[in-house]
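A quick write-up on the structure given underneath.
The values are calculated or read from the model by the stated rules, or taken from the named source; none is laboratory data. All values derive from a computational prediction rather than experimental measurement. All Cβ positions, even for glycine, are placed from backbone atoms using ideal geometry, and neighbour counts span all protein chains on display. Calculation scope for accessible area: heavy atoms of the full protein, side chains included, ligands and nucleic acids excluded. Shrake-Rupley method; radii C 1.70, N 1.55, O 1.52, S 1.80 Å.
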Amino acid sequence: MTRAKPEDDEYWNRSKLKAFTFDDEDDEFSRLKESKRTVNSLVMDDDDEEDDFEKVSWSGEPVGSISWSVKETASSNRSGSEQGFPKIDTTSSLSKQGSGYSLSSLFRAKSKSGGFPSFSESFSETSIRTYAPELRKPKSDRKNFVSDLSPEETVRRMQKGRAYSLEKFRSLQDKLLLLDEAVALYDGNVIAAVLIYLKTSLNKEILFRELMSRDVALRHYVHYLKEMGEQKLLVELLKALGRTEDMALMQYKEHLGIKDEGRRRDFLKSCLSLPFSQDDATHVQDHYELLERQIIIEASDKKADGEIFKKFPRKASILNMPIITTLYYSCFYHYGESEGTYSSPANIRKTFRISEKQYILTALGARAKLKLWFDVDSLFNTKNWLGYTKKKSPIGFHKVVDILHKNNAPISVPQFLY
């Protein structure tokens, strides 16, 4: 291998791009360590730096002073408001010369007397007072439009669901005019609202007298009393109107709210003297006698220990039951008793005028339930004028056979019917 020329060695030794050698100390890592030592030697103490240097802003004011803080806060608020809301130009309404005071001037400046100015002195300029907000007027100074409305305007506001007041209508004439306007509007809700106000503000005799000549308002008032369950006031109204039969029926209806049977019986007895029509009077009379009979039968059967009560225990009370249910109960537990007893089926049939057809159907169902086929056969036995017995049914034998079949009657039973 040939030896390198001397000029080649001189070139490589003078070139900035030196080759890497393990013996070379002037490498990149060594230069970095040297730079770090140089920087550390230039670091100064914090206390000395604060004494020698003073931080200032771009405007030349010392950083940390009061005026600098105020301006920084204002600039930050401006930047935030510009992002959320559009910028509004206020230079035409409020001149910059009027705001010559700053927070720093309040602490640095002195008043004419030599001391620091007060806040009242600082903000006593005319330009500042001009833009103070105007206080709202108190509500007492406003005109009360609701109380100044006429009856016609009031009912129209009521119909539209707007605010209104009826307290201003205090005289009888104004109240009746208000009622007439409500009726003329043909709105049931408005009429009911006005009637409720008149009910609370007028004597009932005066109200009844005025309603006599106003049929539409009267019908609404009667319906309102029925819906609210004010039976006593409704009875007084009907009595004042001369509608005695309606008054009697409304008073009779009050028995529905009485739970105790003894008190209900006494109340029905007091209703017998009311001026009912002939048919209604008969119905009330029967209701009273039936309840009285049921109370007697219930008290007696509670203590009964007969064979039929042991074999077929009672499942419910007979109180307040209809007449047909009472007859079925009597045919089931008291069949064959003499007509003089309250629980006798014959007595019940005669007292409450039950038809033969209804009686046969009820008695047939009760005796067939007990499987007493002899009693079933006797229901259809009749005698002619010669004394001969024959079978006769007012309900048709096909219905009789149907009832017997539902109660699993034997085949020999229908043969008695022919």
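At a glance:
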read-out	value
Residue that is farthest from Leu364 (Cα to Cα), among those in segment 391-418 that are part of a helix (DSSP H, G or I), modelled with pLDDT under 80 and open to solvent by 90 Å² or more (accessible area, probe 1.4 Å)	Gln415
Residues satisfying the stated conditions in segment 153-173, i.e. open to solvent by less than 60 Å² (accessible area, probe 1.4 Å) and out of contact with any Asp or Glu (no Cβ under 6 Å at 6 or more places or on another chain)	Thr154, Met158, Ser165, Leu166, Phe169, Ser171
Pairs where the first residue, in segment 187-201, is surrounded by 14 or more Cβ atoms within 10 Å (Cβ to Cβ) and the second is outside any helix (DSSP H, G or I), C-beta under 7 Å, 6+ apart	Tyr197/Leu166
Residue in segment 314-327 that is touching a Phe, Trp or Tyr at 6+ places or on another chain (Cβ under 7 Å), among the charged types (D, E, K, R) and free of Cβ contacts under 8 Å to residues at least 60 places away in the same chain present	no
Residues of segment 338-353 satisfying the condition of being in contact (Cβ under 8 Å) with a residue 12 or more places away in the chain and open to solvent by 70 Å² or more (accessible area, probe 1.4 Å)	Tyr342, Arg349
Phe267 being touching a residue at least 12 places away in the same chain (Cβ under 8 Å) and either within 29 Å of Leu364 (Cα to Cα) or open to solvent by 70 Å² or more (accessible area, probe 1.4 Å) (or both)	no
Segment 153-168, residues that are within 11 Å of Val194 (Cβ to Cβ) and touching a residue at least 24 places away in the same chain (Cβ under 8 Å)	Thr154, Val155, Met158, Leu166
Scan of segment 239-257 for residues that are within 17 Å of Pro322 (Cα to Cα) and open to solvent by less than 50 Å² (accessible area, probe 1.4 Å), ordered by number	His255
Matching residues in segment 357-384 - criterion: being under 59 Å from the mean Cα position of the chain (by Cα), assigned to a helix (DSSP H, G or I), more than 18 Å from His398 (Cβ to Cβ) and among the charged types (D, E, K, R)	Arg367, Lys369
Filter result for Tyr335 (open to solvent by 60 Å² or more (accessible area, probe 1.4 Å), closer than 20 Å to Leu379 by Cβ and assigned to a helix (DSSP H, G or I))	no
